[in-house]
Structure formats: C-alpha cells, structure tokens
1. Within the stretch 139-162, whose backbone N sits under 15 Å from a point 7 Å along Cα→Cβ of Glu211?
2. Would you tally the net charge around Pro126, using a Cβ to Cβ cut-off of less than 15 Å, leaving Pro126 out, and scoring K and R as +1, D and E as -1?
3. Of the beta bridges DSSP finds with both residues in the chain, what % are antiparallel, to the nearest 5?
4. Sequence gap of 8 or more, or different chains, plus Cα separation below 23 Å: how many lysine pairs satisfy both in the chain?
5. Within 10 Å, count the other beta carbons around each residue, average over each peptide in 217-227, 80-90, 142-152, and list them highest first.
6. Short version: ³J(HN,Hα) in whole Hz for each residue of the stretch 141-154, in order, from phi by Karplus 6.51 cos²θ - 1.76 cosθ + 1.60 (θ = phi - 60°), x for Gly and Pro, what are they?
7. Indicate the helices, whole DSSP H runs only, in the chain that combine a mean Kyte-Doolittle hydropathy of 1.6 or more with a Cα extent along their long axis of 24 angstrom or more.
8. Can you give the charge dipole size of the stretch 265-338 about its Cα centre, rounded to the nearest 20 debye, using +1 on the beta carbon of Lys and Arg and -1 on the beta carbon of Asp and Glu?
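The values are calculated or read from the model by the stated rules, or taken from the named source; none is laboratory data. Keep in mind that this is a model prediction, so the values were computed, not measured. No Cβ is skipped: glycine too gets one built from the backbone with ideal geometry, and neighbour counts run over all protein chains shown. Quick note on the areas: whole protein, heavy atoms, side chains included, nothing else; ligands and nucleic acids left out. Shrake-Rupley method; radii C 1.70, N 1.55, O 1.52, S 1.80 Å.
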Amino acid sequence: MREILDYHPAPLFRADSRTRRDRNSPKPYEHVVSISGGKDSTAVYLLAIERGMPFTAVFADTGNEHPATYEFVERLAERAGGPPIVTVKADFSKAMARKRAFILRNWERMGVSPERVERAAALMLPTGNPFLDLCMVKGRFPSAKSRFCTDETKLVPMWIGVERPILADGRTLIRWLGVRGEESLARRDLPGWQRMGDPVPYSLPKPHHAEASEQGWRTYVYRPIHHWVREDVFAMHARHGITPNPLYGWGAERVGCWPCIFVKKEELRLIAGIDPSAIDRLDEWESIVSDVSKRGVSTFFAAVDDPLFTPGVIVTTAGFGIRSFVEWSKTSRGGRQYDLMARFEAGASCVEIGVCE
Ligand code: SF4
C-alpha cells in the first residue's frame, strides 16, 4: 500500500497556537472540517483525528443526497472515533411565505391565469427539503450560469450554524477542505493555505459582509490533501477501518447531490439504472417547480445545455426534462454530445470551496 504523503506532517495550528502575525492576539483558532459523505472529505476528517487537536465537523444536508450518504455520515463519527458531525440544514420557509404572497398579489395582473395562480399558491408551502424548497422559491433549478444551490443549501447554513458563531466569539476560523489538485486543472493550482478576503457566502445580504469586514473576522482555507492521489484517500479509509461510502462500490465517481446538476453522462446512466426512484423524484420535482414558475416550466438540467435546443423552441419537461436526459445518457458516442461536468469546473469558485465533491 502506498504511504500517504502528508505535506504538513505536523499540525500548523493547534487550537491555541498563534502565527507570528497573531502573536499579540488573544484569539484562538477553531478548526472546521466540511463533510460531504464523499471519500475526500472523509479522508480529511480522518486526518484531523490523527492530528489530535479539537475540531468541529459539519455536514450540510441539501435534501438531494442518496440515503446511503446520510447513513454513512450518520455513522462516521462512531466508526472513526472522532467528534460528532454537526448537521446543518437550510430553512426557506420565510422566503416561501414571501414568494407565496408575491404570487397572490402580482401574478394575475402579470398575465398568469387564475387557475395557475391558485395552484402555485397552494404548492408554495415548505416541504422541509432544502433543495426543492429553494428551487420553488427561485421558480427554477440551478444551472452553470445560476449556481445558487451550493451557496444557499450548503455554505449559508454552515455559515449561520457553525462558522459565524465561531468568528463572532472572537476566534479565527480554519476551514479544512477535501480538495485534491489531481482532480482537475481548476484545482491543480489552488494553494494549500489561503486567507479568505470575505468568508461570507455571496448570497447573504450586504450587512452580513459588512459585519465580517468591520469586525475584522479572520478565516483561512486549508486543503491538507491537495497533493494526495485517489489511492491515498482510500488508504486513509483503510487505515481507520472505514469502508468508503457504498456509492463508490456501486460505480459512482463522485458523491454529492444525487444527482448533481453537473453529473456526467455515464453517471446519470448509472443513477437511472441502479436507483430509478431518484429519477422519479426529479420528475416530480420538475412538475412542482414548473407549477410555481411564472414561465410554467422548469427542468432539472438547463434546456440550453441540450444541443437540440434552439432559440425559440418551446421548452417542455417532456422534451427537455430529466427523463429526456436519461434517454440521452443511454446513447453511445455520436449522439447528442455535451459535457455538463465541464460546466461544473467552469464554476471555479465552487471548486475552490470544495464542498461539492
Ligand atoms: S453537488 Fe451539484 S447540485 Fe448539489 S449543491 Fe453542489 S453543485 Fe449544486
């Protein structure tokens, strides 16, 4: 087995250590490890345990994960003998109430039929599933050009639930992320350490950003496995007797949303094959989100990503919805060819943040 190369063999920071710059500061550090249920963030969690200093582990429940991922995260702390994993979950109930009031007040005079207004208002109630509730508020699914899912279902609840309280308490935040350079060109040149100019998720209103700046809150990103290769990550699991998330054994390359909006063609085919209920769920979500969309239609994958899309074509869930994409995923080379994953990498900020494996 290959030896795991840890290019920071000793912890750079202990909970009470100081950099030269902070030597006169009374503020201790707080280490936070983001857990996605995937192999890389699990390896970082295990590495943090080996380093032996106190840390907080946090998992953001998007509501769009496979049940095996929930079970894996739930049992990880006990199996690894590490600190409990805090689960945070976004709540869009207030935003949904505002959107419902907007629909009732404005849609009819904007040309929407009374029947559609009534149906949308009846549906615009919290389901408790963050991903679906967020898409209902937006009246659409996220896409490469409008990638609100990561920020609003992951980063904001982590910020509100875990990170902001640490900073408001006067401590410096160290975010440990499971990003590896070999995964893509976009990740290759990321630094192992990075001071974050503005640690506040972009979707939060200006006063949140102003508060962080005025208070002088200090946040660093730490990518301790940036130089590791895939085998190192699985070796780390083996060293701790942890069986990786079973989705890898079923053929998945990535663990995150099930599926992610940037899923690869072959992964979509895999998901449809081993878990048809995931496709049924997305089919139902497309119907719900379409009903609360003023345009009357919304598809899980952006219709404009389909090479058969031409300006002026009428978009329907039958023509561009999840079932249509699943059919496409079964085609061989020479069919409609386009690369959703390339768009994932194009969203570089999310790649840097690394909370979506
Ligand atoms: S895994 Fe994909 S769909 Fe889920 S939050 Fe991240 S980018 Fe969005």
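1. What the label zone holds, given the 15 Å backbone N cut-off, is 156-162.
2. Taking every Cβ under 15 Å from that of Pro126, the sum is +2.
3. Around 15 percent antiparallel, to the nearest 5.
4. So the count works out to 29.
5. Highest mean packing first, the order is 217-227, 142-152, 80-90.
6. 8, x, 8, 4, 7, 9, 8, 7, 5, 4, 5, 8, 9, 10
7. Span-like helices in the chain: none at all.
8. Magnitude of the dipole: close to 260 debye.
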